[in-house]
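A.B. asks: Got a structure for you, questions after.
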Protein chains: 2
Amino acid sequence: MAATIKDVARACGVHVSTVSRTFSAPHLVNPATRSRVLAAADDLGYRPNRAARALTTGRTFNMGLIVADIANPFFPPLIKAAQAQARGRDYHVFVADTDEDPRVEEELIRTFTKQVDGVLLCSPRLSNKMIERLAEDVPFVVINRRIKGMPAVLMNVAQGAKLALEHLAGLGHRRIALVSGPIGSWTSNEMQGVAAETPGLDLIFFGPNQPTEAGGLSVAPEVAACGATAVLAYNDLVALGLIEGLAAMEIGVPDQISVIGFDDILPGRLNRPKLTTVAMPAVQAGRMAVDLLLQSGGEGATVTLDTALIVRESTGRAQK
Amino acid sequence: MAATIKDVARACGVHVSTVSRTFSAPHLVNPATRSRVLAAADDLGYRPNRAARALTTGRTFNMGLIVADIANPFFPPLIKAAQAQARGRDYHVFVADTDEDPRVEEELIRTFTKQVDGVLLCSPRLSNKMIERLAEDVPFVVINRRIKGMPAVLMNVAQGAKLALEHLAGLGHRRIALVSGPIGSWTSNEMQGVAAETPGLDLIFFGPNQPTEAGGLSVAPEVAACGATAVLAYNDLVALGLIEGLAAMEIGVPDQISVIGFDDILPGRLNRPKLTTVAMPAVQAGRMAVDLLLQSGGEGATVTLDTALIVRESTGRAQK
DNA sequence: CCCGTTGTAGCAACCGGTTGCACAAACCTT
DNA sequence: AAGGTTTGTGCAACCGGTTGCTACAACGGG
């Protein structure tokens, strides 16, 4: 059994409250007593039980981070950035993955409640209403979603999509396929919104799709058949799957169809052709989300981070 | 404020112990009372506080999973498998990443202690001695490391390395570079052990290295200069970095040098040339680790999973 | 020398639950 | 109808800490 505060108190003939104060308010205890307590604690290998402490103080010094799919290379850099930032603030981050399933997401949030001081909700698939309800029990910072009155870190997807469409238009593309993501994705909606508002384009929507290579792979035939000369994909994974699917049909990228992704993940850079993409500021977002959670007592500050178009090899001039 | 058990008790004129039993031992409470309690609880949006419950029961129904680098594509499938398996057992998995830093690893374990029922320690970088000491405070299952008396899930790296070396020998390679991983990696030691015992080979060791693309990239010049015709890399990420580095020096793979990795991650399959690799059973390992943690009360059952050589395009006949 | 500070440590209530035990009412026996 | 079981609920201690209040001693000032 691990030593408790009582064991330490007994070991050096002092009341538990004195031991407690030795750790949480050292200036209130006599230096001589303090060192006796510390010696005894060290001797017994005592560590304060964080769960018990949280019960009275209401603070755990951990935060939860929920992502839709940890296997998507977009998330790890964000996760690592959040962890590093939190560590600098004496916090720890517990990560969990929802498998893109809103029910799992809800359950994870409920589990985190009272075990963390707040939750970073990254690319949630739950409805706004549900998120608002759950926010009564635990503070949130939402990443990649706008919910009124709730602190959020947004990436300027609309701007990125605009740049991407302008790039394609500049290359002479008019008929463009929009391969969207899963239901409930704010990012997907933003993209569609911008695209729909852009004049002079002939858009074909495909969706919803899984936000993975498999998702891209499986829409490839439809995209090929629709007569579009360019594709704006929900993310890089979908774009890569799409390129793979097109290759299997002997359709060359960018010679016959141009493809743009979102995120700027590593496999996109290694791919042949190298993927043209809209870079998302994942690292900054992870950091900002942590700061926002610690600063705001739940007030709705919103940070919007810029995106950037990175032109590589998967886009080219439209065919006649 | 979230409703507590007291609020529910007051709301339906019953003692808190009755409310408690309604949730944790329903058969002990009268159906009529039970439904009154449930109604009140539902009305107030009451959820038992898991941290408080853990304090008395000693069980949290979560487990921790600590990995060395979440950005390494090897880990996410393992993580997801563990999460899925745990979910089926009514458990939740909290993931954390150590950034390959033993000090962070230790701190994370300490943080997890008492907040989880056990920890899955994947590819730890801590010393055996330290792990054994920490095991007094929280049950472990170790993945990719053998520590006496401690439950472990091992992947048969030795066998995989043997297959890889035989494959290379069969292609006529004699002078082989071994690009190892970080200090403290059991996997790395296993590989070196097997290689050193294999007769008829001329081995050159390079290490320690970061287990990432950057690590592979930075040893590329030395490897190129050492006269080896083939390389066994610590993992696929290192292998990919190495290939990239060699390409930058205009050294073709597999024409001039053959490269084998370990893990079988997705980017290796997408790479040109497609990577020859030793596939590691990450998904099985994640599942097994969860089961081992829940079964063994800390007893040292060890599971060893087989690996398999997957020959793709990054290996070829040795040059004369 | 008395009194008001100040510093130090103990007491006890509390956080939100769980659980062994006691006890009364309702149910079965015979 | 008396006596023995069940069944259902309350009581209170407990898990491992924290914290407001109190008590007491030593100290400094007037």
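A.B. asks: What number goes with the only condition from (1) within 7 Å of DNA strand C (Cβ to nearest atom); (2) surrounded by fewer than 14 Cβ atoms within 10 Å (Cβ to Cβ) that B:ARG47 does not pass?
C.D. replies: In the conditions (1) within 7 Å of DNA strand C (Cβ to nearest atom); (2) surrounded by fewer than 14 Cβ atoms within 10 Å (Cβ to Cβ), B:ARG47 misses (2) alone.
A.B. asks: Considering each of B:LYS129, B:LYS80 in turn, give the residue that is in contact with an Asp or Glu (Cβ under 8 Å, 6 or more places away or on another chain) and of a type in the set (D, E, K, R). Break it down stepwise before answering.
C.D. replies: Numbers: B:LYS129 fails: in contact with an Asp or Glu (Cβ under 8 Å, 6 or more places away or on another chain).
Step by step, each of B:LYS129, B:LYS80 is checked, and only B:LYS80 is in contact with an Asp or Glu (Cβ under 8 Å, 6 or more places away or on another chain) and of a type in the set (D, E, K, R).
A.B. asks: Next question. For residues in segment A:284-319 being touching a strand residue (DSSP E or B) at 6+ places or on another chain (Cβ under 6 Å) and in a helix (DSSP H, G or I), which is surrounded by the most Cβ atoms within 10 Å (Cβ to Cβ)?
C.D. replies: Among those that are touching a strand residue (DSSP E or B) at 6+ places or on another chain (Cβ under 6 Å) and in a helix (DSSP H, G or I), it is A:ALA289.
A.B. asks: Taking the residues in segment A:20-56 that are more than 19 Å from B:LYS114 (Cα to Cα) and within 7 Å of DNA strand D (Cβ to nearest atom) as candidates, determine which candidate is modelled with the highest pLDDT.
C.D. replies: A:ARG21
A.B. asks: When you go through (1) crowded, with 16+ Cβ neighbours inside 10 Å; (2) within 13 Å of DNA strand C (Cβ to nearest atom); (3) under 26 Å from B:ALA135 (Cα atoms) one by one for A:ALA41, which number turns out not to apply?
C.D. replies: So A:ALA41 meets the others, but not (2).
A.B. asks: Go through segment A:77-120 and count every residue that is aliphatic (A, V, I, L, M), surrounded by fewer than 24 Cβ atoms within 10 Å (Cβ to Cβ) and in contact with a Phe, Trp or Tyr (Cβ under 9 Å, 6 or more places away or on another chain).
C.D. replies: 0
A.B. asks: Right, another one. Being of a type in the set (Gly, Ala, Ser), at positive phi, in contact with a helix residue (DSSP H, G or I) (Cβ under 9 Å, 6 or more places away or on another chain) and more than 8 Å from DNA strand D (Cβ to nearest atom) is true for just one of A:GLY64, A:GLY13. Which residue is that?
C.D. replies: Just one listed residue meets the conditions, A:GLY13.
A.B. asks: Run B:PRO273 past the list (1) more than 14 Å from every other protein chain (Cβ to nearest Cβ); (2) in a loop (DSSP other than H, G, I, E, B) and report the number of the one that doesn't hold.
C.D. replies: Result: B:PRO273 fails condition (1) only.
A.B. asks: Here is a check on your reading of the model: is A:ASP236 modelled with pLDDT of 95 or more, at negative phi and within 14 Å of another protein chain (Cβ to nearest Cβ)? Working first, answer last.
C.D. replies: Details: modelled with pLDDT of 95 or more: yes; at negative phi: yes; within 14 Å of another protein chain (Cβ to nearest Cβ): yes.
For A:ASP236, the condition - modelled with pLDDT of 95 or more, at negative phi and within 14 Å of another protein chain (Cβ to nearest Cβ) - is met.
A.B. asks: Taking the condition away from every other protein chain (no Cβ under 14 Å), under 18 Å from A:LEU309 (Cβ atoms) and at pLDDT below 95, does A:LEU178 pass?
C.D. replies: Taking the combined requirement at face value, the residue does not satisfy it.
A.B. asks: Same structure, new question: Only one of (1) surrounded by 19 or more Cβ atoms within 10 Å (Cβ to Cβ); (2) of a type outside the set (A, V, I, L, M, F, W, C); (3) under 30 Å from B:ASN49 (Cα atoms) is not met by A:ASP137, so which one is it?
C.D. replies: (1)
A.B. asks: Within segment B:231-242, can one find any residue that is over 30 Å from B:VAL153 (Cα atoms) and part of a helix (DSSP H, G or I)?
C.D. replies: no
A.B. asks: Write out, first by first residue and then by second, each pair whose Cβ atoms fall under 9 Å of each other, whose residues are 6+ apart or on separate chains, and whose first residue, in segment B:3-31, is within 14 Å of chain A (Cβ to nearest Cβ) and within 8 Å of DNA strand C (Cβ to nearest atom) while the second is assigned to a loop (DSSP other than H, G, I, E, B) and of a type in the set (S, T, N, Q).
C.D. replies: Note: pairs meeting the criteria are B:THR4/B:ASN49; B:ILE5/B:ASN49.
A.B. asks: Name the residue that is modelled with the lowest pLDDT, counting only residues in segment B:1-10 that are aliphatic (A, V, I, L, M) and more than 10 Å from DNA strand D (Cβ to nearest atom).
C.D. replies: Taking segment B:1-10 and keeping what is aliphatic (A, V, I, L, M), we get B:1-3, B:5, B:8-9.
From what is left, the residues that are more than 10 Å from DNA strand D (Cβ to nearest atom) are B:1-3, B:5, B:8.
Numbers: B:MET1: 76, B:ALA2: 88, B:ALA3: 94, B:ILE5: 97, B:VAL8: 97.
Of everything passing the filter in segment B:1-10, B:MET1 is modelled with the lowest pLDDT.
A.B. asks: Filter segment B:239-261 down to the residues that are closer than 19 Å to A:PRO73 by Cα and in contact with a strand residue (DSSP E or B) (Cβ under 6 Å, 6 or more places away or on another chain) and list them by number.
C.D. replies: Within segment B:239-261, just B:ALA239 meets the criteria.
A.B. asks: While we're on this one: When you go through (1) surrounded by 24 or more Cβ atoms within 10 Å (Cβ to Cβ); (2) on the phi < 0 side of the Ramachandran plot one by one for B:SER123, which number turns out not to apply?
C.D. replies: Condition not satisfied by B:SER123: (2).
A.B. asks: If you don't mind, another one. Check A:GLY268 against each of (1) within 14 Å of chain B (Cβ to nearest Cβ); (2) surrounded by fewer than 24 Cβ atoms within 10 Å (Cβ to Cβ); (3) at pLDDT below 95 and name the one condition it does not meet.
C.D. replies: Of everything listed in (1) within 14 Å of chain B (Cβ to nearest Cβ); (2) surrounded by fewer than 24 Cβ atoms within 10 Å (Cβ to Cβ); (3) at pLDDT below 95, A:GLY268 misses just condition (2).
A.B. asks: Can you name the residue in segment B:271-296 that is of a type in the set (S, T, N, Q) and at pLDDT 95 or above and, of all such residues, is nearest to the chain's Cα centre (by Cα)?
C.D. replies: Among them, the one singled out is B:GLN284.
A.B. asks: Also, quick follow-up: For the list (1) farther than 30 Å from B:VAL290 by Cα; (2) within 14 Å of chain A (Cβ to nearest Cβ); (3) more than 12 Å from DNA strand C (Cβ to nearest atom), I need the number of the one condition that B:ARG34 fails.
C.D. replies: Evaluating B:ARG34 over (1) farther than 30 Å from B:VAL290 by Cα; (2) within 14 Å of chain A (Cβ to nearest Cβ); (3) more than 12 Å from DNA strand C (Cβ to nearest atom) leaves (2) as the failure.
A.B. asks: All but one of (1) under 18 Å from the mean Cα position of the chain (by Cα); (2) polar (S, T, N, Q); (3) not in a loop (DSSP other than H, G, I, E, B) hold for B:GLN210, so report the exception by its number.
C.D. replies: Answer for B:GLN210: the failing condition is (3).
A.B. asks: Can you tell me which residue in segment B:161-206 is nearest to B:ILE143 (Cα to Cα), limited to those that are of a type in the set (Val, Ile, Thr) and buried (at least 23 other Cβ atoms within 10 Å of the Cβ)?
C.D. replies: Ranking the qualifying residues of segment B:161-206, first place goes to B:THR187.
The values are calculated or read from the model by the stated rules, or taken from the named source; none is laboratory data. Just so you know, these numbers come straight off a predicted model, no measurement behind them. Positions of Cβ are generated from backbone atoms using ideal geometry, with glycine treated the same way; all protein chains shown enter the neighbour counts.
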